[in-house]
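Q: Got a structure for you, questions after.
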């Protein structure tokens, strides 16, 4: 009996391996934009300044082989989507070898990773579980690395194969390290900046001494650099500004010339061809000094937050700047002018998305990390236009494509509609006046009823032939005049019950409402409602979709459920255990996005599933839409901007025939002991 159970589990494991090794070969991923996004780290190949790397906030690595003119997504550091690449180093000895230090957001962990193929694949290289915010390689002894973590300072003398702590454990001040630097001649001289001032060791970490004389107290030291011509000259940048030391950090002098509003400085770099020329990246632009820091001039707009800079040693006029929200900018004239250089770098964070089902070239995005946060396109993503006037992006709860335009629901309640001619958002919808007419006093005319703005918090919208439906925190509302006025459905089953999702049949007679307490259905346009049993507790339900009039799809936190008879019976879960975020259908292919397991497709109405492949396939795509014109899908990512995905139906079917069904595997794993 026990042997049979083990054999069954082994068979299941083999099936899972077979499943996850099978991916659809006929896939075509294409970015739609918008370009740009957050640059978290920027590094250059010491042997070839044309080769650059970007580290991002979700672990992805982008590479440029032409000095930043074009970028390619080449790999991901680790497996997690919340791994921020805090620091990135190209090995001085081998251009194909990269090192990265990461910080994971959910559990404040991370580690050091190494790549041997130019960033395409990565392996752990120590300090697993540590937040690694700084990493430096010794010039005089290139097998020696130093890492700054929240826990302390660590050193490797074998190119990252092993690490030793060189700062005392549990020290009150020797923690929360944000920057490290190694003396170019003597690797025992190590400088380290913390969230609270700076430290150094002159004996490889045996003893540490504070070096903050002259620094403003409680300065977060973000960067430390050493003058390549004089190891006594040290530069440090902090939240309190810039500092210079002429005696290896024993005392500091504040560098003046940058206004206090821009004093939070990420880095200071010397021009390798003229060390008197300095560049400083701040939260308010990139600054340049031509006289060793005596005077400064801002050379970018103040709105740029410049967190990284690469200088070409063979071309002193070439600057490559990495910014927050705006991506990469390149200057060919020493900073006199800059141009955006984000071709191939698609890393915008999409927080809301809608596509026009009648005109699939029209889409709307709300971004979390861009200067222009609300954008629309009318040409399928070839160009994007700002559409943010009149509404604060942080107030937007959801966006909708309604017949004739764009609407948004607000977190504070109510709806807004976009006027394309005026390029402006305005409040939309009123509450329909009560049918009860007040009795007029003798000799006085009755005042017309006062229209009240529709202020309910809207979670979802749906459209029937002659009615719009809104799922709100207060229940279900309807409109028969395209959203101009709204009325509440008064049936006790829906009134006052928070509704998460709503769907309507094409004839406008059948309504389905997913609430916090379960699923409700009406077959008489909302006059009466019946409770429909869900296959999971209501707390696990996410959103309701209708494939066609009798076919319902329930996205849940534990898998995908399908009913072909309006909810009377539900099939066993597809993709069991996965958090389903969105569903789309195109040309017989069902595409599903999950919260942390990527995208899956099915060509047989859910009987078998194949994971999508490609550089961005493992990203999180909270929003999907079908694109009937191109027989493809549109996938909106929380980190990777917008993409189209075209799946060849024949290739998908051939792959599906070779892969086991996730449903059957789930049923096999759940057999009772006496069946195994």
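Any read-out appearing in this document is the output of simple, stated calculations on the displayed coordinates, not a laboratory observation. Everything numeric here is computed off the predicted structure, so don't read it as measured data. Virtual Cβ from ideal backbone geometry, glycine too; neighbours counted across all protein chains shown.
Q: I'd like the FRET efficiency for residue 315 and residue 261, computed as 1/(1 + (r/R0)^6) with the beta carbon distance as r and R0 of 41 Å, rounded to 0.05.
A: Working from the Cβ atoms, E equals 0.80.
Q: Report the extension gain between residue 452 and residue 386 in nm, rounded to one decimal, defined as 0.36 nm multiplied by the number of residues separating them, less their alpha carbon distance.
A: Stretched out fully, the residue 452 to residue 386 stretch lengthens by 20.7 nm.
Q: What FRET efficiency, computed as 1/(1 + (r/R0)^6) with R0 = 51 Å and r the Cβ-Cβ distance, is obtained for residue 173 and residue 397, rounded to the nearest 0.05?
A: Computed FRET efficiency for residue 173 and residue 397 comes out at 0.70.
Q: Now for a different question. Whole-Å semi-axes of segment 37-342's equivalent ellipsoid, largest first, each the root of 5 times a Cα gyration tensor eigenvalue?
A: For segment 37-342, the ellipsoid semi-axes come out as 26, 25, 18 Å.
Q: While we're looking at this one, here's another question. Ordered by packing density, taken as the mean number of other Cβ atoms within 10 Å over each peptide's residues, highest first, how do 57-67, 157-167 rank?
A: The densest-packed peptide leads the list: 57-67, 157-167.
Q: Right, here's the next one. What is the gain in length, in nm to one decimal, between residue 302 and residue 253 on full extension, counting 0.36 nm per residue of separation less the C-alpha to C-alpha distance?
A: 15.1 nm
Q: By average Cβ neighbour count within 10 Å, what is the ranking of 134-145, 536-547 from highest down?
A: Ranked from most to least packed, the peptides come out as 134-145, 536-547.
Q: Then there's this: Which residues among segment 218-240 fall inside the zone where the amide N is under 19 Å from a point 7 Å beyond the Cα of residue 275, along Cα→Cβ?
A: It comes to 224-237, nothing else.
Q: What number, rounded to the nearest 500 deg cm²/dmol, is the helix-based mean residue ellipticity at 222 nm of the chain, given -39500 (n - 2.57) per DSSP H run of at least four residues and division by all its residues?
A: Value at 222 nm, helices only, nearest 500: -2000 deg cm²/dmol.
Q: Same structure again: How many nm separate the modelled label positions at residue 120 and residue 412, each set 7 Å beyond the Cα in the direction of the Cβ?
A: So the two model labels end up 5.2 nm from each other.
Q: Would segment 166-208 count as rounded, prolate or oblate if I go by the C-alpha gyration tensor, calling it rounded below 1.5 in a/c and otherwise prolate when a/b exceeds b/c, oblate otherwise?
A: Here segment 166-208 falls in the oblate category.
Q: Please rank 173, 223, 203, 151, fewest neighbouring Cβ atoms within 10 Å first, as an exposure proxy.
A: Final ranking by Cβ density, sparse to dense: 203, 173, 151, 223.
Q: How much length is gained on full extension from residue 487 to residue 368, taking 0.36 nm per residue of separation minus their Cα-Cα distance?
A: 39.5 nm
Q: Follow-up. Using only Cα positions of segment 129-281, each an equal point scatterer, no hydration layer, compute I(q)/I(0) via Debye at q = 0.11 Å⁻¹ and quote the log10 values to two decimals.
A: The Cα Debye sum returns log10 ratios of -0.38.
Q: Something else: Bin width 5 Å, origin at 0, all Cα-Cα pairs of segment 456-544: what percent of pairs per bin?
A: Final binned percentages: 3, 16, 29, 29, 17, 5, 1, 0.
Q: Please work out the Cα center distance from segment 220-286 to segment 303-317, rounded to the nearest Å.
A: Each part's Cα centre sits 15 Å from the other's.
Q: Where does each of 386-392, 278-284 land if you order them by average Cβ count within 10 Å, highest first? Could the numbers behind the result be given before it?
A: On the way: 386-392: 16.1, 278-284: 23.6.
Taking the mean over residues of other Cβ atoms within 10 Å, the ranking is 278-284, 386-392.
Q: Calculated FRET efficiency, residue 379 and residue 530, Cβ-Cβ r, R0 45 Å, to nearest 0.05?
A: Efficiency, from the Cβ-Cβ distance: 0.50.
Q: Still on this structure: Return the label of the correct value of percent of Cα pairs over 46 Å apart, as calculated from the structure shown, out of (1) 49; (2) 42; (3) 32.
A: (3)
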